[in-house]
Amino acid sequence: MQRRLIKKNIYWLGAIDWDRRLFDSLVPLPDGTSYNAYLIEGSEKTALLDAVDPAMLDLLMKQLDGIAGIDYIISQHAEQDHSGTIPQLLARYPQAKVVTNAKAKALLMDHLHLAEEVFISVTDGEALSLGDKTLRFIHTPWVHWPETMVTYLEEDQILFSCDFFGAHIASSDLFVTDQGRVYEAAKRYFGEIMLPFRAIIAKNLEKLAYLPIQMIAPSHGQIYNQPSWIVAAYRDWALQVPHNLVVIPFVSMHGSTRMMVDQLTQNLTEQGVTVELFNLAVTDIGKLAMSLIDAGTIVVGTPTVLAGPHPLAAHAAFLANALRPKAQFLSVIGSYGWGGKAVETLAGMVGNLKVEVLEPVLCKGMPNKDTFAALGQLANTIAQKHKEQGFRAYP
Ligand code: FEO
């Protein structure tokens with residue numbers, strides 16, 4: 001793919017990674033991804049915004065053929081999928097300066113061993129003139145590292161946002177064409193890496209609210225040429241009040257825990273509570289992360305394995321603890337063979353969650369009528385709590 005014109009003297013460059021199926025050796029990428037860089041040619045200076053993943057260096061280098069000089073390489077985020085090819089860019093354009101903020105500069109020196117003299121540090125709100133185009137840098141921490149910033153091109157009203165508003169999608173379409181598909185990918189991305197920072201993200205959104213924005217150009221996925229809906233979606237995801245939704249990540253070995261999960265789902269549905277199930281033996285953890293954005297209650301379903309929770313349930317608990325979702329209630333249900341401490345172990349793994357723990361429902365062997373009655377009671381309690389807390393309708 002050659003560089004592509006977005007507006008006069010503004011180009012998309014980068015790499016569409018159709019094949020990648022895992023990020024950070026953890027996050028599933030069902031639709032691939034892209035690493036977007038942008039070239040802005042002012043009347044006096046030329047800037048390149050961000051770079052690409054080192055695996056895609058050759059593509060970026062070919063796209064720069066014919067570009068005689070780059071004055072500034074703007075680094076909005078030090079993570080290597082956007083910064084990892086800066087050393088090679090500096091080798092090709094030795095006169096270029098890396099423009100970034102102080103925190104990012106320190107990280108780039110650590111991660112890429114860049115020399116201090118290649119940097120120009122910019123403060124929050126500072127502007128850089130390219131002649132007839134002005135770049136204004138706005139610090140937006142935790143989207144998704146502490147040093148992240150965005151860049152506003154004033155004359156064209158384009159916000160270059162790096163991970164902020166990004167979506168892991170590989171597409172030959174430069175601009176968003178399928179809003180539903182991008183909404184899902186962007187929500188997945190928010191759930192996977194930004195959920196713990198939602199309070200700061202809400203502040204970042206307010207910080208940008210005064211800007212007239214015609215276009216948002218992220219560093220993953222397509223460009224938003226009608227950006228208001230993705231900003232509204234971020235506002236919704238960042239809200240602290242959850243939805244009337246119970247998320248049940250579960251695993252079952254011989255079917256008993258599955259029977260309990262199904263019964264609880266039935267009872268909750270009858271009470272008007274939406275339920276989303278994730279069978280951890282087969283689930284896509286990105287889908288689970290998306291649901292955790294909205295959940296009011298999390299119920300972990302686990303059998304007991306060697307006196308503790310099933311390792312897949314422990315993995316889900318670890319993930320939820322790291323993502324710190326806004327859920328306010330938590331419970332555990334499951335079947336055990338002869339005994340164990342599955343509940344105590346799981347409870348000890350979710351110290352980051354600010355939740356009220358509801359009475360677990362455990363049974364020895366196959367669930368019986370007492371088990372089902374206890375599950376009915378748990379469903380009643382959850383439905384009542386959701387009403388009392390005024391959780392929002394889902395979706
Ligand atoms: Fe796309 Fe946080 O890097």
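Quick notes on this one:
- Using all pairs of distinct alpha-carbon atoms, the Kirkwood hydrodynamic radius of region 353-395 works out to 12.1 angstrom.
- Cα-based Kirkwood hydrodynamic radius, region 51-145, one decimal, Å: 13.9 Å
- With R₀ fixed at 30 Å, the C-beta to C-beta distance from N368 to A281 puts the FRET efficiency at about 0.75.
- Charge dipole of region 325-395 about the Cα centre (unit charges at C-beta), most positive-ward option of L378, F329, L346: F329
- Using only side-chain charges placed at the Cβ, +1 for Lys and Arg and -1 for Asp and Glu, the dipole size of region 196-297 relative to its Cα centre rounds to 340 debye.
- Dipole size of the chain about its Cα centre, with +1 on Lys/Arg Cβ and -1 on Asp/Glu Cβ: approximately 760 debye, rounded to the nearest 20.
- log10 of Debye I(q)/I(0), alpha-carbon scatterers only, for region 199-289 at 0.14, 0.17, 0.20 Å⁻¹: -0.74, -0.87, -1.00
- Accessible surface, the chain, averaged per residue in Å² (probe 1.4 Å): 41 Å²
- For Q377 and D19, the difference between the fully extended length at 0.36 nm per residue and the C-alpha to C-alpha distance is 124.2 nm.
- Taking the longest Cα principal axis of the chain as reference, the axis of helix 311-323 is set at about 50 degrees.
- Dimensionless Rg/Rh of region 234-330 - Kirkwood Rh, Rg from C-alpha atoms: 0.97
- Shape class of region 101-173 from the alpha-carbon gyration tensor: oblate, with a/c at 1.5 or above and b/c at least as large as a/b.
- Ranked by the mean number of other Cβ atoms within 10 Å of their residues, highest first, the peptides 36-46, 73-83 come out as 73-83, 36-46.
- Rounded to 10°, Cα long-axis angle of helix 102-112 versus longest principal axis of the chain: 90 degrees
- Long pairs among K187/K364; K97/K326; K8/K207; K8/K62; K45/K187; K97/K287, criterion Cα-Cα beyond 31 Å: K187/K364; K97/K326; K45/K187; K97/K287
- Calculated FRET efficiency, D58 to T269, Cβ-Cβ distance, R0 = 51 Å: about 0.45 to the nearest 0.05.
- Only protein atoms count toward the accessible area here, which uses a 1.4 Å probe; on region 192-246, the carbon and sulfur part of that area reaches 60 percent.
- Pair R235, Y210: separation of 7 Å Cα→Cβ label points (nm): 1.8 nm
- The fraction of Cα-Cα pairs per 10 angstrom bin, counted from 0 for the chain, comes to 5, 22, 28, 19, 14, 9, 3, 0 percent, rounded to whole percents.
- Accessible surface of region 346-395, 1.4 Å probe, proportion on carbon and sulfur as whole %: 53 percent
- Rounded to the nearest whole angstrom, the semi-axes of the ellipsoid equivalent to region 1-47, taken from the Cα gyration tensor as √(5λ), stand at 30, 11, 6, largest first.
- Across region 1-17, the residues whose backbone nitrogen lies under 13 Å from the label position 7 Å along the beta-carbon direction of Q88 are 14-15.
- Scaled radius of gyration (Cα, divided by 2.2 N^0.38 Å) that region 76-206 gives: 1.12
- Taking the Cα centre of region 289-395 as origin and assigning +1 to Lys and Arg Cβ atoms and -1 to Asp and Glu Cβ atoms, the resulting dipole is close to 140 debye.
- Counting only DSSP beta bridges whose two residues both lie in the chain, roughly 45 percent are antiparallel.
- Protection proxy ranking for 285-294, 268-277, 227-236, using the average of other Cβ atoms within 10 Å per residue and placing the highest first: 285-294, 268-277, 227-236.
The values are calculated or read from the model by the stated rules, or taken from the named source; none is laboratory data. Here the structure is a predicted model, which is why all the values come from computation and not from measurement. For neighbour counting, all protein chains shown are included, and Cβ atoms are generated from backbone atoms with ideal geometry for every residue, glycine included. These area figures cover heavy atoms from the full protein model, side chains too; ligands, DNA and RNA do not enter into them. Shrake-Rupley method; radii C 1.70, N 1.55, O 1.52, S 1.80 Å.
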